[in-house]
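The values are calculated or read from the model by the stated rules, or taken from the named source; none is laboratory data. Since we're looking at a predicted model, the values are computed, not measured. Here the Cβ positions follow ideal geometry from the backbone for every residue, glycine too, while neighbour counts run over all protein chains shown. Note: areas computed on protein heavy atoms with side chains; ligands, DNA, RNA excluded. Shrake-Rupley method; radii C 1.70, N 1.55, O 1.52, S 1.80 Å.
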Amino acid sequence: MNQVMANKKVIFLYVAPALFLVLVLVYIPIMLTGYYGLMKWDGIGEMDFIGLKNYKDLIQDQLFWDSVYHSFLLALFSALSLIGYLMISIILAGNIKGADLLRKIYLIPMLLASVVIAQLWMKIYHPSNGILNHILMKLGVVDPPSWLADPRFTLFAIIIPVIWQYAGFYILIYYAALKNIPEEIVEAAKIDGATPFQIATRIKLPLIKNVIIVTIVLAVVGSLKYFDLIYIMTGGGPNGASEVMASYMYNQAFKGFNFGYASAVGFFLLVICLVATYLIRKLAATGQDTPS
């Protein structure tokens, strides 16, 4: 018994530094964010306790709900893009010629800073000198749109570089998972007469299902709290057309100097991310429990 307790004490000593860091860097900031959401505070002066007023105002704030809608659109397209990444990974894992070179090419966006990616796509979308509008005019489009200045196109113009930025990351995850599938299973399926499509859909995909679930969570939650590229390219404009929850929180805090309200936005964003993660995992677990 004493030896068991001694082992537990040793384990706790090893785990304690990590627990301390998680407490200081994660849980305490979360609690402080919720606490600041109860205050009227400009970030500098005295804080005035106003209870749930910030959260009540948040519910009635149409600009905030517009940013929520934009964040969910970004999350939806990010999740759908995983289908394309998975298809590319299956092709690359099939030992095609030039697969190593293609994997390196797909990883290039991951090596670039968000500022560089933003500047690159701003040049592409430039209304008069951008390559995209140049191609459209060559194809006969007389008056191509101003992609980052027209509220009808701005959000979708930003979604494309966001998806492109993380393509290599998800392709690499799927590629590694597919390569870890025992070759004997695939060879046995081929001997039984399975087609490449059947091998991909009935053998490979079920075997990496847990990896797919993790990437869906990463893509959705990462999109819900996405900030940097959007802020650099448009700052949430024009007229809030590309405002997402994170940029709305930033603008409230550092432009409107309303840190209490921004904290309420941040806490609400946390709740949405937790709910999204729970729902995805719940749906995945339900799918696993359903007999085939």
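Worth a mention:
The rows are residues; the columns are (1) surrounded by fewer than 16 Cβ atoms within 10 Å (Cβ to Cβ); (2) free of Cβ contacts under 8 Å to residues at least 24 places away in the same chain; (3) under 16 Å from the mean Cα position of the chain (by Cα).
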site	(1), (2), (3)
122	no, no, no
126	no, yes, no
130	no, yes, no
136	yes, yes, no
141	yes, yes, no
145	no, yes, no
148	no, no, no
165	no, no, yes
169	no, no, yes
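Conditions tested, residue by residue: (1) of a type outside the set (D, E, K, R); (2) within 24 Å of the chain's Cα centre (by Cα); (3) open to solvent by less than 60 Å² (accessible area, probe 1.4 Å).
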| residue | (1), (2), (3) |
| --- | --- |
| 67 | yes, yes, yes |
| 72 | yes, yes, no |
| 75 | yes, yes, yes |
| 78 | yes, yes, yes |
| 89 | yes, yes, yes |
| 95 | yes, no, no |
| 106 | yes, yes, no |
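- Set 30, 44: member being part of a loop (DSSP other than H, G, I, E, B) and aliphatic (A, V, I, L, M): 44
- Looking only at region 187-211, and only at residues there that are assigned to a loop (DSSP other than H, G, I, E, B) and modelled with pLDDT under 90, the one that is most open to solvent (accessible area, probe 1.4 Å): 192
- Test set (1) within 26 Å of residue 116 (Cα to Cα); (2) touching a residue at least 60 places away in the same chain (Cβ under 8 Å) - residue 235 fails condition number: (2)
- Lone qualifier among 278, 226 - being surrounded by 19 or more Cβ atoms within 10 Å (Cβ to Cβ) and on the phi < 0 side of the Ramachandran plot: 226
- Residues that are polar (S, T, N, Q) and surrounded by 23 or more Cβ atoms within 10 Å (Cβ to Cβ) were ranked within region 235-251; the one that is nearest to residue 81 (Cα to Cα) is 242.
- Test: residue in region 101-121 that is out of contact with any Gly (no Cβ under 6 Å at 6 or more places or on another chain) and not in a helix (DSSP H, G or I): yes
- Verdict on residue 173 being touching a residue at least 40 places away in the same chain (Cβ under 8 Å), open to solvent by 20 Å² or more (accessible area, probe 1.4 Å) and either touching a Cys at 6+ places or on another chain (Cβ under 6 Å) or of a type in the set (A, V, I, L, M) (or both): yes
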